[in-house]
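Please read the structure below before turning to the comments.
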Amino acid sequence: MSPNEYKFNIQMGCGGCSSALEDALKDVKGIEYFDVSLEQKTVLVNAQSSLSYEAVLAILKETGKTIQSGEANGQAREV
């Protein structure tokens, strides 16, 4: 089964913001790859089918950053 691709637009103002998001994702079971872009203010996550969009969203919300929008496999989702 192909992995899920989740994309989030998140308010980030500095390297500390992007580092906090990277730290939150780096040890999550089920994430195959992720990319945090401070310049584009995006987080891209490729996850196994066992890791839901909602679970990744909850992890990102725990950082305290403002999540402006999210997508799961190209479809807009609630944040």
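List of remarks:
- For region 1-19, residues that are out of contact with any Gly (no Cβ under 6 Å at 6 or more places or on another chain) and either charged (D, E, K, R) or surrounded by 11 or more Cβ atoms within 10 Å (Cβ to Cβ) (or both) total 11.
- Pairs, first on the phi > 0 side of the Ramachandran plot in region 18-40, second assigned to a loop (DSSP other than H, G, I, E, B) and open to solvent by 30 Å² or more (accessible area, probe 1.4 Å), C-beta under 6 Å, six or more apart: G30/Q48; G30/S50
Okay, residues lined up against (1) assigned to a helix (DSSP H, G or I); (2) open to solvent by less than 60 Å² (accessible area, probe 1.4 Å); (3) not polar (S, T, N, Q):
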residue	(1), (2), (3)
L21	yes, yes, yes
V28	no, yes, yes
S50	no, no, no
Q68	no, no, no
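- Test: residue in region 54-65 that is touching a Cys at 6+ places or on another chain (Cβ under 9 Å), open to solvent by 50 Å² or more (accessible area, probe 1.4 Å) and closer than 13 Å to V79 by Cα: yes
- Among residues of region 1-29, those that are among the small types (G, A, S) and in contact with a helix residue (DSSP H, G or I) (Cβ under 8 Å, 6 or more places away or on another chain), counted: 1
- Those residues of region 70-79 which are touching a residue at least 12 places away in the same chain (Cβ under 8 Å) and either open to solvent by 60 Å² or more (accessible area, probe 1.4 Å) or touching a Gly at 6+ places or on another chain (Cβ under 6 Å) (or both), in sequence order: E71, N73, R77, V79
- All positions within region 30-48 that are open to solvent by 40 Å² or more (accessible area, probe 1.4 Å) and in a loop (DSSP other than H, G, I, E, B): L38, E39, Q40, K41, Q48
The values are calculated or read from the model by the stated rules, or taken from the named source; none is laboratory data. Here the structure is a predicted model, which means the values were calculated and not measured. Note that we place each Cβ from the backbone using ideal geometry, even for glycine, and neighbour counts take in every protein chain shown. Just so you know, the surface numbers come from the protein's heavy atoms only, side chains and all, with ligands and any DNA or RNA stripped out. Shrake-Rupley method; radii C 1.70, N 1.55, O 1.52, S 1.80 Å.
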